Amino acid sequence: MNLTRPKVLAAAGVSLALILAAIAYAFNFPPFNERTGEIKASDTCPSLGPPSSAIPALKKTLPRRPSYSFDDTVTGGSNTSGLDYGASCLVTGENESPLLAARSRSMPAEPAKSWLKWVKTTAISNNSLGSLTPFSADEKTAASGKFAAIFLPCISEKRNQSPQYNISLTVELGRPGDASTRAGLIHLVESAASYAHKKARCNMPLEHSDN
């Protein structure tokens, strides 16, 4: 197929641009040279779980920013006072909307399908919900490249003479995600689940996914 001179020049220009972009990325030139801020254990949200688990997961999921800010709110946390556990962690960069939001709340246990239908309504963006699939043998888990959720069994009906209570946990990324960020979000929501299980004094065993 013969190409006209303008088309040849256009194709060459596109190729050159791609080559230059690859070189800039490889050698950390602008705009790929943004310094990544350090994530310290003392700065992270306690509700995300142990820093040894949360920090590696955050590094897998958060976009590069010179610095990060963490805002954590935890309420309740006693299986003798209304099962009122709740937590909210927002991670931001500089002067921008949240890079990541993690939320937890105790609520009566319900079937997996109805919980998943409800938990989808809590997402900040509908774009986060594409390709949600379970990440363990338990139906009460779901994740995509931008969103991960667990419905964690917590308080047994038999021991408390009240409806069984679970904790719903979600982690949502404020940017496009992929398979690698999905893995990071899963690790992060599992880490948050371990904190919630202890903080809410759950009396049901904590089971880890087989992901």
Taking amide H positions as placed in the peptide plane 1.01 Å from N, state which residues far from LEU152 in sequence (5 or more) or on other chains have amide H under 5 Å from it.
ILE167, SER168, LEU169
Can you count the Lys pairs in the range 36-141 whose Cα atoms are under 17 Å apart, with each pair 8 or more apart or on different chains?
5
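Quote to one decimal, in nm, the extra length available between LYS59 and SER180 on full extension: 0.36 nm per residue of separation minus the C-alpha distance between them.
On the way: separation 121, 0.36 × 121 = 43.56 nm, distance 1.09 nm.
This chain segment gains 42.5 nm when fully extended.
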How big is the range 109-153 in terms of Cα radius of gyration and Dmax, in angstroms?
9.9, 28
Could you give the length gained by full extension between ALA112 and THR133, i.e. 0.36 nm per residue of separation minus their alpha carbon distance, to one decimal place?
6.3 nm
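Please give the FRET efficiency for THR121 paired with LYS158, using the beta carbon to beta carbon distance and R0 = 30 Å, rounded to the nearest 0.05. Don't jump to the answer; show the numbers that get you there.
On the way: r = 31 Å, r/R0 = 1.02.
With a Förster radius of 30 Å, E is 0.45.
Across all directions of projection, what mean area in square nanometres is found for the Cα convex hull of the range 60-211?
Details: hull surface 34.9 nm².
Taking a quarter of the hull surface, the average projection is 8.7 nm².
A short reminder: the numbers here are calculations on the coordinates, not readings from a lab. Since the structure is predicted, the reported quantities are computational estimates derived from the model, not experimental observations. For neighbour counting, all protein chains shown are included, and Cβ atoms are generated from backbone atoms with ideal geometry for every residue, glycine included.
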